[in-house]
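Engineer: Please see the structure below; I have some questions.
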Amino acid sequence: MKAAFKVSSLSLAVSLCFNVHASEINRDPLMNIQDVIVVYGDGGQASDMATTHWTISQDDIQASGAQTLDQVLNNVPGVYVRVGGDGTPRVDIRGFKTRHVTLLVNGVPMSSAEDGQFDPSMIPTSQIASVEVSVGPTSVLYGPSGAGGVINIITKQGGSAPALAGSIETGKQDTLNGDISAAGSGDNWQGLVSVSHQQTDGYPMSGDFIPTQFQNGDVRANSDKKATNIYAQGSYWLSDQTQLIANMALTSGEWGKPPRDGTGSAKPKFERTDDYDAHTFQLGLAHQFDETFTLRGFGYHNQSDSLETTYADETYQALTKSQDGRSVVQGLNLQLITNLQTAGILTTSVIAENQRWKSVSETYKKDKAAGGGNGSGGGNGSGSGNGSGGNESINDSAWLYTLAAEYQYQSEHKYGFTLGGAYHSLDANEGSDSNYSAMASSYWQVAEDSRLSMSVARKVRFPLMVNLYSQQSGNPNLEAEESQHVELGLQQDLPASTDFSLYGYYTDAKDYIAKDAKGFYQNMGRYRFKGVDFQANNREIEHLDLSFSYSYLDAEEVESTTGIDTLQYRPRHQLRWQLSYEFPLETQIHFNVERILDQVYATQLKVNGQNLYQEQSLGNYTLVDVNLVQPLIRDKLEVYLRATNLLDENYYQSEALPQAGRQVFVGVNWQI
């Protein structure tokens, strides 16, 4: 907190230089590096109009009261945010896991080199201007992976953000979330600095939860967390044809991983992240040679260091294992855009990325275990001894190259299409591999209020560092995953200020990488995903916004070797209702209701010396969130009261891992 307040003071000082905003100057959208795909014209790009694409605006985020990215994504059709055994929110899209989702911040990849995943709870909404979620047959310009989808976070810009703004909220268990930002701009520059901090001693259990051996208290065991995030970005126009940009993010924290409560078949683990530090740097350039050719690109460096610890029991005193890991991703992405005017736009791209993963783990003998862990609620464990039971070391790297080309054409508000292809090459320590991806999408504006779309794609994902080199579960002989995607869509405007979108999809994935019964990564065969995403909106009544979304998913393993065809932890039905209303005194209320149905998981039993699998069902659950906002000084100061899981539902998203009960927060937003 001391570090956060120091940087907050620095931000306040910097804001004195940022206290004036220049009048908006219209620039060519081809120069916008942060979008990756060319956005040209007011109607959006052809690829977004022909595929499933959701935009969550800053107003939407503020209305919901979301504090971190995972809370934002939880309201997107087809997206399921689930907390599993590692205590980190994971973002699943249309049946694909987080490692199949590409996360970008202003176009820059942010996933870990180790396992391809990311922690959305470490990205505060105070930095976000909008979130773009592209699902299904997405562009080849993003590179390999992204079978589930692509999430691109567009951060706030100095030209549109308040000169000085901040917020602070508090709740039980010493929960405190706060941020402060300073922004400014001139005719040729803009910049923003933001600092955020979140901390809690843990989240509460539902009143309906029955205590167990490993969860015997009102606060979830080992669920404490502290995290600080510092973000800065800026851009400068050398001329109307040349723009320079820079972004920086620093993150640090520590947190516990709540163990299983002992009611399931799996043995509880007692783990913590005792130290986490990450930093990201990006430098970008856009230059327009003439009306036809534009060059834009960026280089980036992402590094995260984490110390993971495992303890013998729920006291978090006897240390049994520690792992000190470092993930580094460095890359360069260059795009040459050829504007053919009425004939369309051709984008060619070259991506070179180096991924490195270094890990040193040490196992301690039980009779000489080291201590020093933190229990939930802020308590400190203690112990002594450092007897070593064995050391393991990993230091591996790989280069990933992509050559891509994508052509998009749009007629005058009638139809459009996109064609793309890419060649990918992986050069790893154990050998090399190559593959390709491709996509085609089109839309037809049947009438002014009706649009049809169709898209197909072939996607590829190479095995990650942990899949290849982990000494406990790695397999250097893994092959790349391949998936085929087909999607049909309809967007329709109706009377009474109502509109809806409907997308049906079919995905066939082969050589899917997952752990086998012995705990080793294998190419598991074929997975098949079929489903529908539907969303309807109504704004007929003044000051009232209504929306309803429904997602259906049929996820199965073709020719399963376990006897269970349904894939686990993928809900078949997701329903969401949202309501926003502004009362005469400018009081605003936002309701979000989420209903999750038909979710299964597999347990392993040993019968006559053989491992057998049995399908189990997770209970259906309903979550109700509410956010009540009262402006005190219009556009300058507001107070709010928000509650999550208002009905205090006792629910599970994974076997024996109970989630948070009712939580209530009080906060203040202000800006100058």
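The values are calculated or read from the model by the stated rules, or taken from the named source; none is laboratory data. In this text the structure is predicted, and so the values were computed from the model without any measurement. When we count neighbours, we look across all protein chains shown, and the Cβ atoms used for this are built from the backbone with ideal geometry, even at glycine.
Engineer: Of Asp240, Asp208, Asp187, Asp174, which residue is of a type in the set (Asp, Glu), in contact with a Lys or Arg (Cβ under 9 Å, 6 or more places away or on another chain) and surrounded by fewer than 16 Cβ atoms within 10 Å (Cβ to Cβ)? I'd like the intermediate steps shown before the answer.
Structural biologist: Details: Asp208 fails: in contact with a Lys or Arg (Cβ under 9 Å, 6 or more places away or on another chain); Asp187 fails: in contact with a Lys or Arg (Cβ under 9 Å, 6 or more places away or on another chain); Asp174 fails: in contact with a Lys or Arg (Cβ under 9 Å, 6 or more places away or on another chain).
Of the residues listed, the single one that is of a type in the set (Asp, Glu), in contact with a Lys or Arg (Cβ under 9 Å, 6 or more places away or on another chain) and surrounded by fewer than 16 Cβ atoms within 10 Å (Cβ to Cβ) is Asp240.
Engineer: Considering the stretch 72-89 alone, what residues qualify as being closer than 27 Å to Glu487 by Cα and either acidic (Asp, Glu) or out of contact with any Leu (no Cβ under 7 Å at 6 or more places or on another chain) (or both)? Show your work before the answer.
Structural biologist: Start the filter on the stretch 72-89 by keeping residues that are closer than 27 Å to Glu487 by Cα, which leaves 72-82.
Within the stretch 72-89, Val72, Leu73, Asn74, Asn75, Val76, Pro77, Gly78, Tyr80, Arg82 meet the criteria.
Engineer: Mind checking which residues of the stretch 334-365 are out of contact with any Lys or Arg (no Cβ under 9 Å at 6 or more places or on another chain) and in contact (Cβ under 8 Å) with a residue 60 or more places away in the chain?
Structural biologist: Asn339, Ala343, Gly344, Ile345, Leu346, Thr347, Ser349, Ile351, Glu353, Gln355
Engineer: For Ser654, only one of the following conditions fails: (1) under 23 Å from Pro89 (Cα atoms); (2) out of contact with any Lys or Arg (no Cβ under 8 Å at 6 or more places or on another chain); (3) modelled with pLDDT under 95. What is its number?
Structural biologist: Of everything listed in (1) under 23 Å from Pro89 (Cα atoms); (2) out of contact with any Lys or Arg (no Cβ under 8 Å at 6 or more places or on another chain); (3) modelled with pLDDT under 95, Ser654 misses just condition (2).
Engineer: Answer with yes or no whether Glu169 is out of contact with any Pro (no Cβ under 6 Å at 6 or more places or on another chain), closer than 30 Å to Val532 by Cβ and surrounded by fewer than 24 Cβ atoms within 10 Å (Cβ to Cβ). Give the derivation first.
Structural biologist: On the way: out of contact with any Pro (no Cβ under 6 Å at 6 or more places or on another chain): yes; closer than 30 Å to Val532 by Cβ: no; surrounded by fewer than 24 Cβ atoms within 10 Å (Cβ to Cβ): yes.
When the stated conditions are applied, Glu169 does not pass them.
Engineer: Which one of these is within 30 Å of Ser453 (Cβ to Cβ), buried (at least 24 other Cβ atoms within 10 Å of the Cβ) and more than 17 Å from the chain's Cα centre (by Cα): Ser145, Ser181, Ser139? Steps first, please.
Structural biologist: On the way: Ser145 fails: more than 17 Å from the chain's Cα centre (by Cα); Ser181 fails: within 30 Å of Ser453 (Cβ to Cβ).
Criteria check complete, one pass: Ser139.
Engineer: Kindly list the number of the only condition in (1) of a type outside the set (Ser, Thr, Tyr); (2) touching a Gly at 6+ places or on another chain (Cβ under 9 Å); (3) farther than 30 Å from Asp648 by Cβ that fails for His287.
Structural biologist: (2)
Engineer: Moving to a separate point now. Looking at the stretch 46-74 only, could you name the residues that are within 16 Å of the chain's Cα centre (by Cα), more than 20 Å from Ser501 (Cβ to Cβ) and assigned to a loop (DSSP other than H, G, I, E, B)?
Structural biologist: Selection gives Ala66, Gln67.
Engineer: Out of the residues in the stretch 251-268 meeting the condition of being over 30 Å from Thr280 (Cα atoms) and among the hydroxyl-bearing types (Ser, Thr, Tyr), tell me which one is modelled with the highest pLDDT. Please lay out each step first, then the result.
Structural biologist: Of the residues in the stretch 251-268, the ones over 30 Å from Thr280 (Cα atoms) are 259-268.
Then drop every residue that is not among the hydroxyl-bearing types (Ser, Thr, Tyr), which leaves 263, 265.
Numbers: Thr263: 90, Ser265: 82.
Step by step, filter the stretch 251-268, then rank; the result is Thr263.
Engineer: Run Glu542 past the list (1) touching a residue at least 24 places away in the same chain (Cβ under 8 Å); (2) assigned to a loop (DSSP other than H, G, I, E, B); (3) over 18 Å from Gly116 (Cα atoms) and report the number of the one that doesn't hold.
Structural biologist: For Glu542, the exception is condition (1).
Engineer: For the stretch 549-623, please list each of the strands (runs of 3 or more DSSP E) lying entirely inside it that holds at least 2 residues being farther than 24 Å from Arg94 by Cα and among the hydrophobic types (A, V, I, L, M, F, W, C).
Structural biologist: Counting at least 2 such residues, we get 588-597, 599-607.
Engineer: For the stretch 625-645, which positions are under 19 Å from Thr200 (Cβ atoms) and surrounded by fewer than 20 Cβ atoms within 10 Å (Cβ to Cβ)? Give the steps one after another, and end with the answer.
Structural biologist: Kept after step one, since they are under 19 Å from Thr200 (Cβ atoms), are these residues of the stretch 625-645: 625, 627, 640-645.
Correct list: Leu641, Ala643.
Engineer: Check the stretch 352-363 and report whether any residue there is surrounded by 18 or more Cβ atoms within 10 Å (Cβ to Cβ) and at positive phi.
Structural biologist: No, the stretch 352-363 has no match at all.
Engineer: Just checking, how many residues over the stretch 630-672 are in contact (Cβ under 8 Å) with a residue 40 or more places away in the chain, of a type in the set (Lys, Arg) and part of a loop (DSSP other than H, G, I, E, B)?
Structural biologist: Within the stretch 630-672, the first condition is being in contact (Cβ under 8 Å) with a residue 40 or more places away in the chain, and the residues that meet it are 630-631, 634, 640, 642, 645, 648-651, 653-672.
Among the residues that remain, those that are also of a type in the set (Lys, Arg) are: 634, 642, 662.
Applying the additional criterion that residues be part of a loop (DSSP other than H, G, I, E, B) yields 634, 662.
Counting residues in the stretch 630-672 that are in contact (Cβ under 8 Å) with a residue 40 or more places away in the chain, of a type in the set (Lys, Arg) and part of a loop (DSSP other than H, G, I, E, B) gives 2.
Engineer: For the subset of the stretch 599-615 comprising residues that are β-branched (Val, Ile, Thr) and surrounded by 14 or more Cβ atoms within 10 Å (Cβ to Cβ), which member is modelled with the highest pLDDT? Spell out how you get there, then give the answer.
Structural biologist: Let us first name the residues in the stretch 599-615 that are β-branched (Val, Ile, Thr), namely 600, 603, 607.
Narrowing the set further to residues that are surrounded by 14 or more Cβ atoms within 10 Å (Cβ to Cβ) leaves 600, 603.
On the way: Val600: 93, Thr603: 85.
Filtering the stretch 599-615 for residues that are β-branched (Val, Ile, Thr) and surrounded by 14 or more Cβ atoms within 10 Å (Cβ to Cβ), the one modelled with the highest pLDDT comes out as Val600.
Engineer: Being under 19 Å from the mean Cα position of the chain (by Cα) and crowded, with 21+ Cβ neighbours inside 10 Å is the filter here; which residues of the stretch 288-308 pass it?
Structural biologist: Passing the criteria: Tyr300, Asn302, Ser304.
Engineer: Still on this model: Name the single residue, out of those in the stretch 214-228 being part of a strand (DSSP E or B) and in contact with a helix residue (DSSP H, G or I) (Cβ under 7 Å, 6 or more places away or on another chain), that is nearest to Asp119 (Cα to Cα).
Structural biologist: So in the stretch 214-228, the residues part of a strand (DSSP E or B) come out as 219, 225-228.
Those still in the list that are in contact with a helix residue (DSSP H, G or I) (Cβ under 7 Å, 6 or more places away or on another chain) too: 219, 227-228.
Numbers: Val219: 22, Ala227: 12, Thr228: 14 Å.
Looking at the filtered set, the residue picked out is Ala227.
Engineer: What number of residues in the stretch 75-104 are β-branched (Val, Ile, Thr), surrounded by 22 or more Cβ atoms within 10 Å (Cβ to Cβ) and assigned to a loop (DSSP other than H, G, I, E, B)?
Structural biologist: Selection size over the stretch 75-104: 1.
Engineer: Go over the candidates Leu478, Leu419, Leu468 one by one and state the one that is touching a strand residue (DSSP E or B) at 6+ places or on another chain (Cβ under 9 Å) and assigned to a strand (DSSP E or B). Steps first, answer last, please.
Structural biologist: Working: Leu478 fails: assigned to a strand (DSSP E or B); Leu468 fails: assigned to a strand (DSSP E or B).
Residue meeting the stated conditions: Leu419.
Engineer: I'd like the full set of residues that are over 9 Å from the mean Cα position of the chain (by Cα) and over 17 Å from Ile513 (Cα atoms), limited to the stretch 113-125. If you could, list the steps in order and put the result at the bottom.
Structural biologist: If we filter the stretch 113-125 for residues that are over 9 Å from the mean Cα position of the chain (by Cα), which is where we start, we get 113-116, 122, 124-125.
Met122, Pro124, Thr125 - these are the residues of the stretch 113-125 that are over 9 Å from the mean Cα position of the chain (by Cα) and over 17 Å from Ile513 (Cα atoms).
Engineer: Conditions: (1) buried (at least 16 other Cβ atoms within 10 Å of the Cβ); (2) over 25 Å from Met205 (Cα atoms). Leu579 meets all but one. Number of the miss?
Structural biologist: Checking Leu579 against (1) buried (at least 16 other Cβ atoms within 10 Å of the Cβ); (2) over 25 Å from Met205 (Cα atoms), the one that fails is (1).
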